[in-house]
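Working notes for the structure below.
Here, each number is a calculation from the coordinates, and none is a lab measurement. For clarity, every value in this text was computed on a predicted model and none was experimentally measured. For neighbour counting, all protein chains shown are included, and Cβ atoms are generated from backbone atoms with ideal geometry for every residue, glycine included.
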Amino acid sequence: MIVADQIAGFRSDLLRFARLQLRDDHLAEDVVQETLIAALAAVEDFAGRSALKTWVFSILRNRIIDAIRMRNRSVNVSALAEEDGSFEQTFDALFKANGHWTPVNKPSTWEDPEEALRQRQFWAVFDACLNHLPANSGRVFMMREFLDFDVDEICAELAISSKNCYVILHRARHRLRGCLEQTWFGPGESSC
């Protein structure tokens, strides 16, 4: 019961992250709800190799990737059906026999992050630094570094050029580094 209460306690952080990435309050609510249900259903599978919050966020991360890709695919289905003239055949071709989507670019999983990243205080400082970024910079950074989107996918989703994307990423990394040097590593302690 304690673990269930802990998981439910992550809801506001999960929702903030989902809203930043999806830019749709209703979809963010749905994705977070699905994440909480999945985490509670699979809590016995939690091996403790990472923090509970990290494990729940990895579930959310995968749900967000699925939601973004699903949103992009739903537009393509109607366009394909118009070309073919047969909506049912086009729709059926997108799924495997068991009714699941055909797998494309399965997201990679984190192995074992460095010890400093595991520390709860680091994540609190990192989150504060990330929240001080402009909203668009934070979103682009999170899509690239946490959701493992390619630059082309980010550009397509946000309708920006690749040059603009690289500039946003550079500025976000620079600001995050400066913030972390001041608040976490202290002057002269950064290994970067």
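For an R0 of 25 angstrom, estimate the FRET efficiency from the Cβ-Cβ distance between GLN6 and GLU34 and round to the nearest 0.05.
The pair GLN6/GLU34 has a calculated efficiency of 0.85.
For the ranges 158-166, 30-38, 170-178, what's the packing order if you count other beta-carbon atoms within 10 Å of each residue, average per peptide, and put the highest first?
My ranking of the peptides, most packed first, is 30-38, 170-178, 158-166.
Can you give the net charge of the other residues whose Cβ lies under 14 Å from the Cβ of LEU14, counting K and R as +1 and D and E as -1?
0
Please compute the modelled spin-label separation between ARG171 and ASP66, points set 7 Å along Cα→Cβ, answer in nm with one decimal.
Here the modelled spin labels are 3.5 nm apart.
So how far apart, in nm, are the two label points at ASP24 and HIS132 if each is 7 Å from Cα heading toward Cβ?
3.3 nm
Let me make sure I get this right: for the range 113-187, a, b and c are the square roots of the gyration tensor eigenvalues over alpha carbons, sorted descending. Under 1.5 in a/c it's rounded, otherwise prolate if a/b > b/c, else oblate. Which is it?
prolate
Once fully extended, how much extra length lies between LEU52 and GLU181, figured as 0.36 nm per residue of separation less the alpha-carbon to alpha-carbon distance?
Between LEU52 and GLU181, full extension yields 43.8 nm more.
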